[in-house]
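Asker: Sharing a structure here in structure tokens format.
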Amino acid sequence: MTYCVGMLLDKGLVMAADTRTNAGVDNVGKFKKLYTWEYPGDRVFVLLTAGNLAVTQAVVSMLNEHEEHPPEKGDTLRSAPTMFQAAHVVGDAVREVKAMDAAHLTSNGEAFAASFIFGGQIGNERPRLFNIYAAGNFIEATPDTPFFQIGEHKYGKPILDRVARSDMELGEAAKMVLLSFDSTLRSNLSVGLPIDLLTYESGTLKVEHTKRIGPDDPYFKMLSTEWSKALRTAFANIEALDI
């Protein structure tokens, strides 16, 4: 399994994904699940993936092949005029892979399981963020709900529900996202380090800030330790139930 978070801010995007895959307790692997497409000065895209690894890798490969060999009909990520149309390009790639593989998966008792968080910016259009489902359809983030999660999301959701705001600074939002990962790592063995983290500043139209956070990362270790201390202090400072 995996855990991914994408957050839409007034000032840009924060995107993060873990790298663990788990096909059983004795078959744990490490695979990248954060992908970027960059056309400096014109557009930039970030894709987070969760679900069946063969399916999600096939979708990414399909998008890359379409960039190199554009189909006769329809847009590619390079040619899509808006982020909405770019999200349709990803959704179409999901449907194309599903048309090839879904029946074979079903015949072997497996589901076509895949979900994606897709964000980016084209030209002067504001950054946008989409949650794309296995059917290829999608929803878009709004200021009321500025983040999406896919994969093992339940453990990391409480802090996002309580703290996330679209007017946060990029660094503050990245701290919050990493705390969401810390909570997930502590409660679910199917999510694991390293974490791939990307922050995108609106209007730059290029990928400038990426970081792979491993078990020895000093900031993440400090963040985890201080968060545990803060939670214990907050708990101790609340009056006990009178029984």
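The values are calculated or read from the model by the stated rules, or taken from the named source; none is laboratory data. This is a predicted model, so every value here is computed, not measured. Neighbour counts are summed over all protein chains in view; Cβ atoms, including those assigned to glycine, are modelled from backbone coordinates with ideal geometry.
Asker: Quick one: residue 203 ticks every box in (1) surrounded by 14 or more Cβ atoms within 10 Å (Cβ to Cβ); (2) at positive phi bar one, so which box is it?
Answerer: (1)
Asker: Okay, next question. Given the conditions (1) of a type in the set (A, V, I, L, M); (2) in a strand (DSSP E or B); (3) surrounded by fewer than 20 Cβ atoms within 10 Å (Cβ to Cβ), and given that residue 62 satisfies all but one, which numbered condition is not satisfied?
Answerer: Unmet for residue 62, out of (1) of a type in the set (A, V, I, L, M); (2) in a strand (DSSP E or B); (3) surrounded by fewer than 20 Cβ atoms within 10 Å (Cβ to Cβ): (2).
Asker: Looking only at the range 207-243, how many residues end up being over 22 Å from the mean Cα position of the chain (by Cα) and touching a residue at least 40 places away in the same chain (Cβ under 8 Å)?
Answerer: 1
Asker: Can you pull out the residues in the range 1-50 that are among the small types (Gly, Ala, Ser), touching a Gly at 6+ places or on another chain (Cβ under 8 Å) and modelled with pLDDT under 95?
Answerer: Listed by number, the list holds a single entry, 23.
Asker: Consider only pairs whose beta carbons are under 8 Å apart and that are at least six residues apart or on different chains; among these, list those whose first residue lies in the range 177-206 and is in contact (Cβ under 8 Å) with a residue 24 or more places away in the chain and over 15 Å from residue 50 (Cα atoms) and whose second residue is in a loop (DSSP other than H, G, I, E, B) and basic (Lys, Arg).
Answerer: 201/11; 202/11; 202/126
Asker: Next question. Please enumerate the residues belonging to the range 100-140 that are among the β-branched types (Val, Ile, Thr), touching a strand residue (DSSP E or B) at 6+ places or on another chain (Cβ under 7 Å) and exposed (fewer than 14 other Cβ atoms within 10 Å of the Cβ).
Answerer: The answer is 139, and nothing else.
Asker: Okay, moving on. Go through the range 206-243 residue by residue and tally those that are of a type in the set (A, V, I, L, M) and either surrounded by 10 or more Cβ atoms within 10 Å (Cβ to Cβ) or under 20 Å from residue 14 (Cα atoms) (or both).
Answerer: 6
Asker: Another one. Which count do you get for residues in the range 84-99 that are more than 18 Å from residue 34 (Cα to Cα), in contact (Cβ under 8 Å) with a residue 12 or more places away in the chain and not aromatic (Phe, Trp, Tyr)?
Answerer: Qualifying residue count, the range 84-99: 6.
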